[in-house]
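Read the structure below first, then the notes.
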There are 2 protein chains.
Amino acid sequence: MTQFINHKDRVVTDAIDGLVGSSGGQLARLDGFPHIKVVVRSDWDKSKVALVSGGGSGHEPAHAGFVGRGLLTTAVCGEVFASPSLDAVLAGILAVTGKPGCLLIVKNYTGDRLNFGLAAERARALGLKVNMVIVDDDAALPELPQQRGLAGTLFVHKIAGALAEAGEDLDKVTAAAEDVIARTTTLGMSLDTCTVPGSPKEQRIAHGHAELGLGIHGEAGVEQVAYTNARDAMAMVVEKLVVSSNTQPVVALLNNLGGTSDLEMSVLANELLNSPISHRLKYLIGPAPLMTSLDMRGFSVSLLPFIKSHILALQAPSGRTAWPGMRELKPSELMPVPEGLKPVLAAATKHPARRDFIKKCCTVLIAAEADLNALDAKSGDGDTGSTLSTAARALIDSLDQLPLADLSQLYRAIGLVLSQTMGGSSGVLLAIFFTAAGDASAKGKGPIGALAAGLERIQQVGGAQIGDRTMIDALRPALEGLNNGIEAAAAAARTGADGTSRILMAKAGRATYVSAENLAGNNDPGAEAVARLFEQMS
Amino acid sequence: MTQFINHKDRVVTDAIDGLVGSSGGQLARLDGFPHIKVVVRSDWDKSKVALVSGGGSGHEPAHAGFVGRGLLTTAVCGEVFASPSLDAVLAGILAVTGKPGCLLIVKNYTGDRLNFGLAAERARALGLKVNMVIVDDDAALPELPQQRGLAGTLFVHKIAGALAEAGEDLDKVTAAAEDVIARTTTLGMSLDTCTVPGSPKEQRIAHGHAELGLGIHGEAGVEQVAYTNARDAMAMVVEKLVVSSNTQPVVALLNNLGGTSDLEMSVLANELLNSPISHRLKYLIGPAPLMTSLDMRGFSVSLLPFIKSHILALQAPSGRTAWPGMRELKPSELMPVPEGLKPVLAAATKHPARRDFIKKCCTVLIAAEADLNALDAKSGDGDTGSTLSTAARALIDSLDQLPLADLSQLYRAIGLVLSQTMGGSSGVLLAIFFTAAGDASAKGKGPIGALAAGLERIQQVGGAQIGDRTMIDALRPALEGLNNGIEAAAAAARTGADGTSRILMAKAGRATYVSAENLAGNNDPGAEAVARLFEQMS
């Protein structure tokens, strides 16, 4: 699969340069590319215990994304899914370790154990205090003597990081890390394999299946299971985790393995919160990509049966945005839907002249149905006439319920009737037109000024300008002409409507998709409707 | 494609419940599922200008992920890629708008404009102060009168959000939002389409191609281009953006469209920082998923030619971790590789007895080459004998360079020779053994105690215990027996080595993959080598 890389041999060094370069000076790296790929905190003065982690790349944001205040001091990066070399690890240790010593946090993979282990010896031979812990949180195969290190590593990074930042000594930081490791379990599930840069993608998981008990290097899961939905998937993962855990309250860490959409991760979070262990969930980290496997469409859940000091350390501030923070879980608050969603029609009042006027306008639109449909067939979907006449009939039917005597209320009421009876964009726009006119009228605008305010609003909402081949081309000149009387308004509307037949490129509405040949010589149906209305009024 | 959802009709409501539930009480939602999907700040008291945004779902973390202090007050969510209803928008407005009024931040899509626009009118008719801005940052088709709203919307959210949080009035917040909109441009590129929940994935982009000028709803880009690598991809995007921008310094926002791995996003960040506009880049937001298109493997770059007040607002604290913060770009710091990576061999000294002893041990191992290889063929890859004899020959060759008179230095030197000449895991483990022994010796341990310290270390690093079918099964009893003399040690080593032939399930090393039938009756070659060494010594 095509990827956003330059060359597979440069992907890790390019990515480190991107990470360091975009850190705003928070991160630096050691010279020594391509063999030594070591990211360090740039503000480090060696006055506290240093935390050294790392391993193969492809797990971003782990590990370099967690270098910063209150987290890692340095990350030693290997190539994708490959342990860094002895020299690279030793360089990382030497770069950050002062008198208080350092703790190596190593995931349980042979290459990492050996290279970090020998580097530790070398560093000790140089007089440094170096401890090492091995993270083995995988719950997939509990009977195996050596579990893999997975996303639970983040618990260790954060808790040891907070203690080191607080100035605790190496033995205390090490003991805390070992305690966290002993408690942490992780299990993952994936719907697809990952894409290793420069390699073809393995198609291992059939549609409708998932792999359970994953590592983070693209290796096959412990078993393939039938996949039904997010709920069952989370239940399977949680069930396996609970077997290898106890009944204490836990912090859960919900990790995106890389390629799962944020939308799906939120669905999975919901399932976790409603899973059989919901009563034990007290705190949550994520959902977030923390320890990924490139672009794997999967997730993992890590559980830490905690003691209070873990919580304080997990809540301590950190300097990196890749760390998503931890929240104490609380029941979700459901707020009532506000009053006022359904507008109340003002009480009906009488005004015979306005009643007649509205009815006349509606009759005009009903009479124009066929003509307007025919025009719309040239530039749209042929329903402008029907849409307007349906709305006009509904308005006639509602005449006796309208607050005819109060112009502000009348405008609003017409807007409401139109919004409820007239489909499509034009229905909403006319509803906005009359509602805004009512609003302006209520604020003291005269009848014409109120309509002008409505026009302003539909131009803002709809975005159409004069010349875009819409009803605005007739409505705007008509309303502007209205100050000189209804005849002037009608003439202006007609000129505007007829002008639309010469606009060969529509810039708003459905006619934007129609060719110039079809538009030429035909008025925009909305503009034509406006012109006919004003002509009948005059 | 299989996805982590329960049903396509429930994906958005499930995801909102997951988001609200995992927010630790920071978020609440309005009652009214499934039609009204409105997420609000739970700490909101209506005392400041409210920010209302939203639109179709599928853009997570936008928009609900940005509800919080200093960002949005509420997000009104539609179904995937569909505008929320008028009622939902109105409910959102009414839920959060107090006397200071509210600003609707709407992306430029017809459905959103109409529904938010009419809801605004309804809210105004109820006496609320409501302003609305339309975000149209798309630079893909600059000649079109109506640009789409894309990831640049985040600039508006953050800047308006900071001003509103600071207590600015509605007109000032609106003016700032309009100013930001006028300045912002965005362009995206993708290598693949997105997967809409419940729909089959469209295979539109051929291998080796990319789409340039993307929307965020899975629609085709403005053009398909040949894709070569990350550098050219970024150059194409930046070139198009620069045309529609000016020459001022900019804040850049690097957005993951959803399915691009973090590793690739860092590569893209590096290319952006080294692109033709690098001299104009002063601040960077991301790389991060901000305005996604489900799982689309793509990215977008948004540029904001800023004024100082924008920077202050973008730097203001916010209450949501989905906002990745903004960093002021600085030249990357390159730190020198520390001294001491290459250990210096202590100066050679003489000690004829030790010289003879080491030579004798090496001769034993060289003589055992064929036997050990034969044993290893039963349980591994048949090279234990060769590996050990190669190392032994190298050690003999180096005898005249060794610091034979100083036991601490000698142990360390042997560790160094082994690490440089002996391949595989066993080479590293023996190097750790001798280096750790040297370290312990230097700290005052006697010769036997020092070797015991080395043993402890390789057990920690390698993870093997007694009974795991490794050289530990002979080495540990031998060292324990050494306190009773070399004969006792040799006898213990032999007992241990022979015992490995009855261990039918290896728990460490390569033999873990070998069946019981092959292991039965054959000693572990590492343990056998240890036994022969001690037998020859005694």
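Figure note: A:MET505, B:MET537, A:MET326 ranked by solvent-accessible area, largest first, 1.4 Å probe, ligands and nucleic acids not counted: A:MET505, B:MET537, A:MET326. Solvent exposure of A:THR421, expressed as accessible area, is near 50 Å², computed with a probe of 1.4 Å over the protein chains only. Closest approach to the axis carrying A onto B, counted by Cβ on chain A and given in whole Å with its residue, is A:GLY259, 3.
Residue order by solvent-accessible surface for A:GLU487, A:GLU535 is A:GLU487, A:GLU535, largest first, with ligands and nucleic acids left out and a 1.4 Å probe. The residues packed around A:ALA437, meaning those with a beta-carbon under 9 Å from its beta-carbon, carry a net charge of +2 if Lys and Arg are +1 and Asp and Glu are -1. Annotation for B:GLY382, label-to-label distances across the other copies: 8.0 nm (shortest first, one decimal, point 7 Å from Cα along Cα→Cβ). Across the range A:352-537, Cα pairs under 8 Å and at least six residues apart give a relative contact order of 20 percent. Take every pair of alpha-carbon atoms less than 8 Å apart whose residues are at least six positions apart; their mean separation over the length of the range B:11-328 yields a relative contact order of 17 percent. Using only the Cα atoms of the range B:401-454, build the gyration tensor, take square roots of its eigenvalues as a ≥ b ≥ c, and label the shape rounded, prolate or oblate: rounded if a/c is under 1.5, else prolate if a/b is larger than b/c, else oblate. Verdict is oblate for the range B:401-454. Given all pairs of different Cα atoms, what value in angstroms does the Kirkwood hydrodynamic radius of the protein assembly as shown take? Taking every pair of different Cα atoms in the protein assembly as shown, averaging 1/r and inverting gives 32.4 Å. Checking the cross-link pairs A:LYS172/B:LYS443; B:LYS46/B:LYS172; A:LYS48/B:LYS445; A:LYS308/B:LYS46; A:LYS37/B:LYS342; A:LYS507/B:LYS107 against a 26 Å limit on the alpha carbon distance flags A:LYS48/B:LYS445; A:LYS308/B:LYS46 as lying beyond it.
For chain A, the dipole from Cβ point charges (+1 on Lys and Arg, -1 on Asp and Glu) about the Cα centre works out to 1060 debye, to the nearest 20.
Over what distance in Å are the Cα centres of the range B:344-366 and the range A:410-460 separated? Cα centroid to Cα centroid, the span is 99 Å.
Compute the helix-to-body angle for A:384-397: its Cα long axis versus the longest principal axis of chain A, expressed 0 to 90° and rounded to tens. Taking the Cα atoms of chain A, the angle to A:384-397 is about 70 degrees. Under the simplified labelling scheme, the B:ALA520-B:VAL344 pair shows an inter-label distance of 5.8 nm, with each label point 7 Å from Cα along Cα→Cβ.
For the range A:11-328, the alpha carbon positions stretch 55, 46, 39 Å along the principal axes, listed from largest to smallest. Please average, across the residues of A:227-234, the number of beta carbons from any other chain that are within 10 Å of each residue's own beta carbon, and give a whole number. Taking all residues of A:227-234 together, the mean is 4.
Positive contributions from Lys and Arg (+1) and negative ones from Asp and Glu (-1), summed over other residues with Cβ under 10 Å from the Cβ of B:PRO61, come out at -1.
The Kirkwood radius of the range B:152-218, taken over pairs of alpha-carbon atoms, gives through the Stokes-Einstein law at 4 °C and 1.567 mPa s a diffusion coefficient of 88 µm² s⁻¹. Dipole magnitude for the range B:280-396: about 600 debye, using +1 per Lys or Arg Cβ and -1 per Asp or Glu Cβ, origin at the Cα centre.
Helical runs assigned H by DSSP (4 residues or longer) give chain B a calculated mean residue ellipticity at 222 nm of -13500 deg cm²/dmol, each run adding -39500 (n - 2.57) before division by the residue total.
Loop-resident trypsin sites (Lys or Arg not before Pro) (DSSP state other than H, G, I, E or B) in the range A:398-455 with no more than 14 further Cβ atoms inside 10 Å of their Cβ: A:LYS443. Ordered from largest to smallest accessible area (heavy atoms of protein chains, 1.4 Å probe), the residues B:SER23, B:SER47, B:SER42 come out as B:SER47, B:SER42, B:SER23. In terms of overall dimensions, the range B:59-202 has a Cα radius of gyration and Dmax of 15.5, 48 angstrom. Considering every alpha-carbon pair of the range A:348-496, the percent of pairs per 10 Å bin, from zero through the bin containing the longest distance, is 12, 38, 42, 8, 0. Helix A:352-367 axis versus longest C-alpha principal axis of chain A: approximately 80°, rounded to the nearest ten.
Please get the size of the charge dipole for the protein assembly as shown, origin at its Cα centre, with Cβ charges of +1 on Lys and Arg and -1 on Asp and Glu, quoted in debye to the nearest 20. With only Lys, Arg, Asp and Glu charged at Cβ, the dipole is about 2100 debye. Heavy-atom accessible area for B:ASP43, with the other protein chains in place and a 1.4 Å probe, reaches approximately 90 Å². In a DSSP loop and with at most 15 other Cβ atoms within 10 Å, the GluC sites (Glu not before Pro) in the range A:178-271 are A:GLU202, A:GLU219.
When the convex hull of its Cα atoms is viewed from all sides, chain A shows a mean projected area of 33.4 nm². The stretch between B:ALA206 and B:ARG502, if pulled fully straight at 0.36 nm per residue, gains 100.8 nm over its current Cα-Cα span. When Lys and Arg each count +1 and Asp and Glu each count -1, what net charge do the other residues less than 12 Å away from A:MET326, Cβ to Cβ, add up to? That sum, taken over residues with Cβ under 12 Å, equals +2. Between identical copies, the spacing of A:PRO200 label points, each set 7 Å from Cα toward the C-beta atom, reads 2.3 nm from nearest to farthest.
Remark: label point of A:PRO145 defined 7 Å out from Cα along the Cα-Cβ vector; separations to the same position in other copies 7.8 nm, ascending.
Please go through the range A:306-344 and write out the GluC sites (Glu not before Pro) that DSSP classes as loop and that have at most 12 other C-beta atoms within 10 Å. Sparse-neighbourhood loop GluC sites (Glu not before Pro): A:GLU339. The C-alpha atoms of chain A define a longest principal axis, and helix A:110-125 lies at about 60 degrees to it.
Between B:GLU328 and A:LYS282, the C-beta separation translates, for a Förster distance of 45 Å, into a calculated FRET efficiency of about 0.75.
The values are calculated or read from the model by the stated rules, or taken from the named source; none is laboratory data. What you are looking at is a predicted structure, and each value in this text was computed from that prediction instead of being measured. Cβ: placed from backbone, ideal geometry, glycine included. Neighbour counts: every protein chain shown. In case anyone asks, the SASA skips ligands and DNA or RNA and just uses the protein heavy atoms, side chains included. Shrake-Rupley method; radii C 1.70, N 1.55, O 1.52, S 1.80 Å.
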